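Below is one structure, written out as structure tokens; the observations come after it.
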Amino acid sequence: MVEHRGFSRFVPHIVLCIGVAIIAFPVYLCFVGSTHPQDVTSNGQMPLTPGPIFFETYYKTLFVGSSGSTREPVATMLVNSFIMACVIALGKISISIISAFSVVYFKFPFRMAAFWLIFITLMLPVEVRIYPTYKIAADLNLLDSYAGLTVPLIASATATLFFRQFFMTIPDELVEASKLDGAGPMRFFWDTVLPLSRTNIAALFVILFIYGWNQYLWPILITTRDDMQTIVIGIKKMIVTADALTEWNVVLATAMLAMLPPVTVVVLMQRWFVRGLVETEK
Amino acid sequence: MQKRAIFGSTSLPYLLLLPQLAVVAVFFYWPASQALWQSFLLEDAFGLSSTFVWFENYSELFADSGYYRTMMTTAVFAVMVAGLSLSLALLLAVQADKAIHGAGIYRTLLIWPYAVAPAVAGVLWIFMFQPSLGVVAQGIRSLGIAWNPLLNGNDALILVVLASTWKQISYNFLFFLAGLQSIPRAVIEAAAIDGASGTRRFWTIILPLLSPTVFFLVVVNIVYVFFDTFGIIDAMTQGGPSKATETLVYKVFFDGRLGGNLGSSAAQSVILMILVVGLTAIQFRFIERRVAY
């Protein structure tokens, strides 16, 4: 053990506590702001301790919606976000795991070409093809639909690579044994590959759920109807109006609600989260 | 990359690849090629007809001082976010690595901002720094410093950098902590026995051993600033005031909006594509090196 005596023992803890406090401060203020009435906040008189209208604000935010406009209540947006995040995560995992299975366990013409076609999409993020992608989605009648929110984002080079890497580590003996038992490829997939991939799927799900939940650019392009909005784009639309009219308590309550699910997932499933993050980057 | 034991089947492998390849073809390759094609076209004001103009969109772009300004803004933005978030994350990771018993708890308390959506992070920070109602903004003003990110371009850029840094620290922290924990304790202890002080050990042993992680994170941070800060900018400043916080990606979005200038927007997309290819190539070289190391 390297020097651990006297005052220097506490230095790391002091630095870390300051770091944690600074990191948490914006969220604390956001929570405080969500519990004070709009007029207290907007004239700059907000105290640094929680105010009196916690329940009113969150009830209003969730089930009534901000009054200045005809916005949907946030509960609808939460449902939309939840559907989008789950469909994107599960969709990416499903189509990537079967693609990787195909590339690793079969020999067929154009196998490498197919692999490269998937791999190169890594270099085509949605930001570099915004309007043409929007036009195709519009032509296919996907605007304002869950399919439109999810399907165009569902291909995943990283997930495919991730599963391919993992399949390469599965011992060949397992396939041979399975073949001796007379199992076909799909039997082998269901009975051996899928159960072995459980922890990898969990790790990937955490990362992809957050990815899906936090999508921003694509949902603003593809949704026009208020009832199809996700919570992340809903917040931004609440503060577009002139400053004085912004209902800050509702905006901040929405921000709290938008953070809650993905942050909970990260904290509760930390082991898988860390693993997913570190592994998919390789 | 092929297994020894494989299945023989003629149609099944194609069937398994079909969903992914279909999505990739329809929503990735087709739009990308459309962007490429559109970048050579000039649409008339009503979007009714377009003419093939070769590289006119590109030459116009490179003759436009606004485009260089956006490039500069993006570069400054990237350098500031990468510099700030990497150094702060490294500081915290080194401390967490020392605080052996608390490392796990501190990790939990520091990594969650990764899960906050960029646009939501933008809202949090604008609420603190908005000149008329922000608590922190009032503190700054009471010190006699003029602060108005709604009107002053530099202030706005600082604000966007702070919000982006806040979100990125957790990611960098996680990778630094993993990197630090993989450095053998024996090496550090040997140096301590030789009489090297804590600072000296950091600069001569820990940092060099950590350099693959640093290089990797620099690339990841640049990619982050280029693409993932879109939500932060859109929620906080919309590229303003007077384009002081406009990044390359934001400009693609802004110029093409409502069919504004699709040709130029497409040309910018193509330039970005080339940039991404470059960055990805660099990233993979580093990763290969990291694995070898």
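Tabulated data
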| item | result |
| --- | --- |
| Hits in the stretch A:136-156 - residues which are buried (at least 17 other Cβ atoms within 10 Å of the Cβ), within 25 Å of B:Ala267 (Cβ to Cβ) and more than 7 Å from chain B (Cβ to nearest Cβ) | A:Ala137, A:Leu153 |
| Filter result for B:Ile169 (of a type in the set (Val, Ile, Thr) and farther than 30 Å from A:Met123 by Cβ) | no |
| When residues of the stretch A:99-132 are limited to those that are in contact (Cβ under 8 Å) with a residue 40 or more places away in the chain and facing chain B (nearest Cβ under 7 Å), the one surrounded by the most Cβ atoms within 10 Å (Cβ to Cβ) | A:Ser99 |
| The listed residue being surrounded by fewer than 18 Cβ atoms within 10 Å (Cβ to Cβ), under 18 Å from B:Pro31 (Cα atoms) and either within 12 Å of chain A (Cβ to nearest Cβ) or not hydroxyl-bearing (Ser, Thr, Tyr) (or both), out of B:Leu275, B:Leu207 | B:Leu275 |
| Residues located in the stretch B:107-141, provided they are assigned to a helix (DSSP H, G or I) and either more than 24 Å from A:Thr264 (Cα to Cα) or among the charged types (D, E, K, R) (or both) | B:Arg107, B:Phe129, B:Val135, B:Val136, B:Ala137, B:Gln138, B:Gly139, B:Ile140, B:Arg141 |
| Flag for A:Phe82 being over 20 Å from A:Arg198 (Cβ atoms), assigned to a helix (DSSP H, G or I) and at pLDDT 90 or above | yes |
| Out of B:Ala115, B:Ala93, sole residue that is surrounded by 22 or more Cβ atoms within 10 Å (Cβ to Cβ) and under 25 Å from B:Arg200 (Cβ atoms) | B:Ala93 |
| Entirely in the stretch A:98-196, the helices (runs of 4 or more DSSP H) that have 1 or more residues that are acidic (Asp, Glu) and closer than 30 Å to A:Tyr216 by Cβ | A:130-139 |
| Boolean, B:Phe227 is modelled with pLDDT of 85 or more, touching an Asp or Glu at 6+ places or on another chain (Cβ under 7 Å), under 30 Å from B:Leu41 (Cα atoms) and not aliphatic (A, V, I, L, M) | yes |
| Condition broken by A:Phe166, with the remaining ones in (1) buried (at least 17 other Cβ atoms within 10 Å of the Cβ); (2) at the interface with chain B (Cβ under 8 Å from one of its Cβ atoms) satisfied | (2) |
| Lone qualifier among B:Val136, B:Val120 - being within 30 Å of A:Ile233 (Cα to Cα), within 9 Å of another protein chain (Cβ to nearest Cβ), surrounded by fewer than 20 Cβ atoms within 10 Å (Cβ to Cβ) and among the aliphatic types (A, V, I, L, M) | B:Val136 |
| Scope the stretch A:269-281; condition of a type outside the set (Phe, Trp, Tyr) and either more than 10 Å from every other protein chain (Cβ to nearest Cβ) or within 14 Å of the chain's Cα centre (by Cα) (or both); matching residues | A:Met269, A:Arg271, A:Arg275, A:Gly276, A:Leu277, A:Glu279, A:Thr280 |
| Residue within the stretch B:15-34 that is over 30 Å from B:Ser264 (Cβ atoms), more than 7 Å from chain A (Cβ to nearest Cβ) and not in a helix (DSSP H, G or I) present | no |
| Unmet requirement for B:Ile126, which otherwise passes all of (1) touching a Phe, Trp or Tyr at 6+ places or on another chain (Cβ under 6 Å); (2) among the hydrophobic types (A, V, I, L, M, F, W, C); (3) within 11 Å of chain A (Cβ to nearest Cβ); (4) more than 22 Å from B:Leu91 (Cα to Cα) | (1) |
| A:Arg187 being of a type outside the set (Phe, Trp, Tyr), more than 10 Å from chain B (Cβ to nearest Cβ) and either without any contact (Cβ under 8 Å) to a residue 40 or more places away in the chain or farther than 24 Å from A:Phe82 by Cα (or both) | yes |
| Whichever residue in the stretch A:21-54 is closer than 15 Å to B:Ser132 by Cβ and β-branched (Val, Ile, Thr) and, among such residues, is nearest to the chain's Cα centre (by Cα) | A:Thr41 |
| Helices (runs of 4 or more DSSP H) lying entirely in the stretch A:197-261 (those with 1 or more residues that are free of Cβ contacts under 8 Å to residues at least 40 places away in the same chain and either more than 9 Å from chain B (Cβ to nearest Cβ) or farther than 21 Å from B:Thr229 by Cα (or both)) | A:198-213 |
| Helices (runs of 4 or more DSSP H) lying entirely in the stretch B:187-257 (those with 1 or more residues that are of a type in the set (Asp, Glu)) | B:230-236, B:248-256 |
| Criterion (of a type in the set (Val, Ile, Thr) and more than 18 Å from B:Val24 (Cβ to Cβ)) met by exactly one of A:Val64, A:Val103, A:Val87 | A:Val64 |
| Given (1) modelled with pLDDT of 85 or more; (2) under 21 Å from the mean Cα position of the chain (by Cα); (3) under 30 Å from B:Gly263 (Cβ atoms), number of the condition A:Ile88 does not satisfy | (3) |
| Answer residue from the stretch A:28-49, given it is of a type in the set (Val, Ile, Thr) and assigned to a loop (DSSP other than H, G, I, E, B) and is farthest from A:Met238 (Cα to Cα) among those | A:Thr49 |
| First in the stretch A:20-42 and within 8 Å of chain B (Cβ to nearest Cβ), second anywhere and surrounded by fewer than 20 Cβ atoms within 10 Å (Cβ to Cβ) and of a type in the set (S, T, N, Q), Cβ under 9 Å, 6 or more apart | A:Ser42/B:Ser132 |
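A quick yes/no check of all residues on (1) within 30 Å of B:Gln130 (Cα to Cα); (2) among the acidic types (Asp, Glu); (3) surrounded by fewer than 22 Cβ atoms within 10 Å (Cβ to Cβ); (4) touching a residue at least 12 places away in the same chain (Cβ under 8 Å):
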site	(1), (2), (3), (4)
B:Ser182	no, no, yes, no
B:Ile188	no, no, yes, yes
B:Asp194	no, yes, yes, no
B:Val214	no, no, yes, yes
B:Val220	yes, no, yes, yes
B:Val225	yes, no, no, yes
B:Thr229	yes, no, no, yes
B:Ser242	yes, no, yes, yes
B:Val249	yes, no, no, yes
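The values are calculated or read from the model by the stated rules, or taken from the named source; none is laboratory data. These numbers come from a predicted model, not from an experiment. Note that each Cβ is placed from the backbone with ideal geometry, even for glycine, and that neighbours are counted across all protein chains shown.
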